[in-house]
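The structure under discussion appears below in the form of C-alpha cells.
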Amino acid sequence: MKASAFAAMALTGALSVYAMPGFAGEEEKPLDSSRLSAANEALYTTNHLESITEPVTLIYDFERKGTLGEAFTDKVEERITKVLPSGRKNLSFRFLSGKHRVRFSPRYGFNGNPIFMLFLERDVRQLQRLTGGSALYFRTRIRDALAGSAETNPTTFSFNGETFSGIEIRIQPFANAELKKRFPRLARKIYVFVLSDKIPGGFYRISSLTPVRKGDSMTSDETVTFREIVTADEKRKK
C-alpha cells in the first residue's frame, strides 16, 4: 500500500473520534438532542446540507499565519458528488494543495457538514508533531470540550457586503490539560466555529487561534472561511 493511501485511511479513521452516532450514516439511529450540549447540537444534529439539491462544490479559503511554521494561503474544496433519494449526500474533499495537501477519503450518506472535523484533524496532527503528545489525547480533549465547556452565543458577520446572523461556538480544550506545563501556549489555544443557516454548508468560518501574551515569541493561527458554492457547470467553465 502506498504511503499516501495509508495516511488517508488513518486520517479517515481518526474522524470517528469527533463523530457521534447519527451524524454520518442512514443506518444509524437519530441522536436525542435533549441530551446534547448546544455546541454538539449545532455541529452534529443540524442538517447543514439541507438546502443543497444537486452536485456542487463548496469552496473555502484557508489562511495560516503567525511565526510558528510557514505562513501561507490556499483553499479547501468539499464536493457534493451525489444527492441520495433520502436527501443525504456523498462527499469528496480536496483539503489544500501541493505539499500542504491532506488526503481524506470520501464520506457517504451525510446530512451534516464534516468540514469542521477535517479542520480539527489536521490541527491535531500538527499539535502531535509540535509537542510529541498523543493525537488521540488531543482529539479527546476537543471532543470533551464540545460536549461540556463550549461557549455558544449569537453572532453576526459580514459576507459579500451583507450582514448575516448566526452562532459562534468557542472552546479552549487544553486550558486544564497536563501538557500546559510543558507547552503553556497550548493552554491558551482556542477554537472558534461560526455557523449560519444562510451560508451554504452551514459553516462560515472555523479558526484555531493562540492569543499572544507578553513575552511570547511564537504563534500560529489558522482559519477556513467560506468563499462560494459552485455548480458542476460553473466549475467546468473556470
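Looking only at the stretch 106-113, decide whether some residue is surrounded by 19 or more Cβ atoms within 10 Å (Cβ to Cβ), in a loop (DSSP other than H, G, I, E, B) and among the small types (G, A, S). Scanning the stretch 106-113, I find at least one residue that is surrounded by 19 or more Cβ atoms within 10 Å (Cβ to Cβ), in a loop (DSSP other than H, G, I, E, B) and among the small types (G, A, S), so the answer is yes.
Check L118, L130 and return the single one that is open to solvent by 40 Å² or more (accessible area, probe 1.4 Å), touching a strand residue (DSSP E or B) at 6+ places or on another chain (Cβ under 9 Å) and closer than 27 Å to R188 by Cα. None of the other options fit; the residue is L130.
Here's the yes/no breakdown for (1) in a strand (DSSP E or B); (2) open to solvent by 10 Å² or more (accessible area, probe 1.4 Å); (3) at pLDDT 95 or above; (4) closer than 28 Å to Q172 by Cβ:
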residue	(1), (2), (3), (4)
E41	no, yes, no, yes
Y60	yes, no, yes, yes
E63	yes, yes, yes, yes
D74	yes, yes, yes, yes
T81	yes, yes, yes, no
P85	no, yes, yes, no
R122	no, yes, no, yes
Q126	no, yes, no, yes
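The set of residues in the stretch 152-175 that are within 18 Å of the chain's Cα centre (by Cα) and not charged (D, E, K, R) comprises T152, G166, I167, I169, I171, Q172, P173, F174.
Would you call R205 open to solvent by 30 Å² or more (accessible area, probe 1.4 Å), modelled with pLDDT of 95 or more, under 25 Å from F95 (Cα atoms) and under 14 Å from the mean Cα position of the chain (by Cα)? Here the answer is yes, as R205 does meet what is asked. Residues in the stretch 87-105 that are more than 15 Å from the chain's Cα centre (by Cα) and either open to solvent by 80 Å² or more (accessible area, probe 1.4 Å) or closer than 14 Å to I52 by Cβ (or both): G87, R88, K89, N90, K99.
The values are calculated or read from the model by the stated rules, or taken from the named source; none is laboratory data. If you're wondering where the values come from, they're calculated on a predicted model, not measured in any experiment. A quick note on method: Cβ atoms are made from the backbone with ideal geometry, for glycine too, and the neighbour counts reach across all protein chains shown. All accessible areas refer to the heavy atoms of the entire protein, side chains included, with ligands and DNA or RNA removed. Shrake-Rupley method; radii C 1.70, N 1.55, O 1.52, S 1.80 Å.
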